[in-house]
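For reference, the structure is listed below as structure tokens.
The values are calculated or read from the model by the stated rules, or taken from the named source; none is laboratory data. Quantities reported herein were computed from a predicted structural model and do not represent experimental measurements. As a convention, Cβ positions derive from the backbone with ideal geometry for all residues, glycine included, and neighbour counts pool all protein chains shown. Areas reflect the complete protein model, heavy atoms only, side chains present, ligands, DNA and RNA absent. Shrake-Rupley method; radii C 1.70, N 1.55, O 1.52, S 1.80 Å.
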Amino acid sequence: DAGVTQTPRHEVAEKGQTIILKCEPVSGHNDLFWYRQTKIQGLELLSYFRSKSLMEDGGAFKDRFKAEMLNSSFSTLKIQPTEPKDSAVYLCASSQDISQNTLYFGAGTRLSVL
Amino acid sequence: GEQVEQLPSILRVQEGSSASINCTYENSASNYFPWYKQEPGENPKLIIDIRSNMERKQTQGLIVLLDKKAKRFSLHITDTQPGDSAMYFCAASETNTNKVVFGTGTRLQVLP
């Protein structure tokens, strides 16, 4: 079985640009999560989908971050407009269902905003 | 609140000794507490977890303890080896929502 696939692995953007990160969850998983990882804050939850429905929109991240899940096998995270403080690793993870809480993470996208 | 506090942020131990990482949580409804290990350049992977119906769980040199009254849980690595050097994240979630909130991580360095 394929794991969680994230593209691109690396992204370099200039301040003010729009970038879109992509994620394909493990086949059959119903829950999908987007996290941002930095050395200071650790893993911060950005968005959470259950069966394609948005359950968590990320609170403080709402204004420039928008995650979508148009079908059960694909999700995007759009950052618009990017700022230098957005530089981080963005991790996507999926989980099977309520009784199977194990998260399977993708390799992440390392974003650098100049 | 939903925050999970994790300490220490950096932990250095001698090879063969034990290492302990402590976490506290705020959400009384949390009932599932996983621990993830992230090696350099890799993604986090589940290494052990504990549910609220247990106070202790042990597997392959790892021990997790849960004190629901104090809203505290901890990971103990016995007989640390160089391969244990990594980032460790605790997390808390409710099985009803499946929302997983992570601690800020502990960088463990096992010194030879």
Accessible area buried between chains B and A, both sides summed, probe 1.4 Å, in Å² to nearest 100: 1700 Å²
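What FRET efficiency would be calculated for the residue pair A:Gln17, B:Arg12, taking the C-beta separation as r and a Förster radius of 45 Å, to the nearest 0.05? Intermediate results must be reported in sequence, preceding the final value.
Numbers: r = 40 Å, r/R0 = 0.89.
Approximately 0.65, to the nearest 0.05.
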Please report the accessible area of A:Ser73 (heavy atoms, 1.4 Å probe, ligands and nucleic acids excluded) in Å², nearest 10. 70 Å²
For B:Thr104, what residues show an amide H to amide H distance below 5 Å, using hydrogens built from the backbone and excluding near sequence neighbours? B:Gln6
Can you return the aspartates and glutamates within cross-link range of A:Lys66? Criterion is Cα-Cα under 14 Å, with same-chain partners fewer than 8 residues away left out. A:Glu56, A:Asp57, A:Asp86
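Quick one: of A:Lys15/A:Lys78; A:Lys52/A:Lys78; A:Lys22/B:Lys99; A:Lys15/A:Lys52, which pairs are farther than 23 Å apart, Cα to Cα? Kindly include the intermediate steps, with their values, before the conclusion.
On the way: A:Lys15/A:Lys78 14 Å; A:Lys52/A:Lys78 16 Å; A:Lys22/B:Lys99 21 Å; A:Lys15/A:Lys52 30 Å.
In this structure, A:Lys15/A:Lys52 lie more than 23 Å apart at Cα.
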Modelling each spin label as a point 7 Å along the Cα-to-Cβ direction, I'd like the B:Ser52/A:Ile40 distance in nm, to one decimal. 3.3 nm
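Return the percentage of antiparallel bridges among DSSP beta bridges fully within segment A:1-72, rounded to the nearest 5 %.
Details: 14 of 14 bridges.
Among the beta bridges of segment A:1-72, antiparallel pairing accounts for roughly 100 percent.
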For q values of 0.20 Å⁻¹, compute log₁₀ I(q)/I(0) with the Debye formula on a Cα-only model of chain A, without solvent. -1.03
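Write down the Kirkwood hydrodynamic radius of the protein assembly as shown, to one decimal in angstroms, obtained as one divided by the mean of 1/r over all alpha carbon pairs. Before the final figure, lay out the partial values.
On the way: mean 1/r = 0.0556 Å⁻¹.
For the protein assembly as shown, inverting the mean 1/r across all distinct Cα pairs yields 18.0 Å.
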Rounded to the nearest Å, the spacing of the alpha-carbon centers of segment B:2-75 and segment A:67-114 is 23 Å
Of every hundred units of 1.4 Å-probe accessible area on segment B:1-97, the number belonging to carbon and sulfur atoms, as a percent, is 46 percent
Give the aspartates and glutamates reachable from B:Lys37 as a straight Cα distance under 12 Å; neighbours fewer than 8 places away on the same chain don't count. B:Asp49, B:Asp84
Total charge of the residues flanking B:Lys45 in space, meaning their Cβ is under 9 Å from its Cβ, with Lys and Arg +1 and Asp and Glu -1, is -1
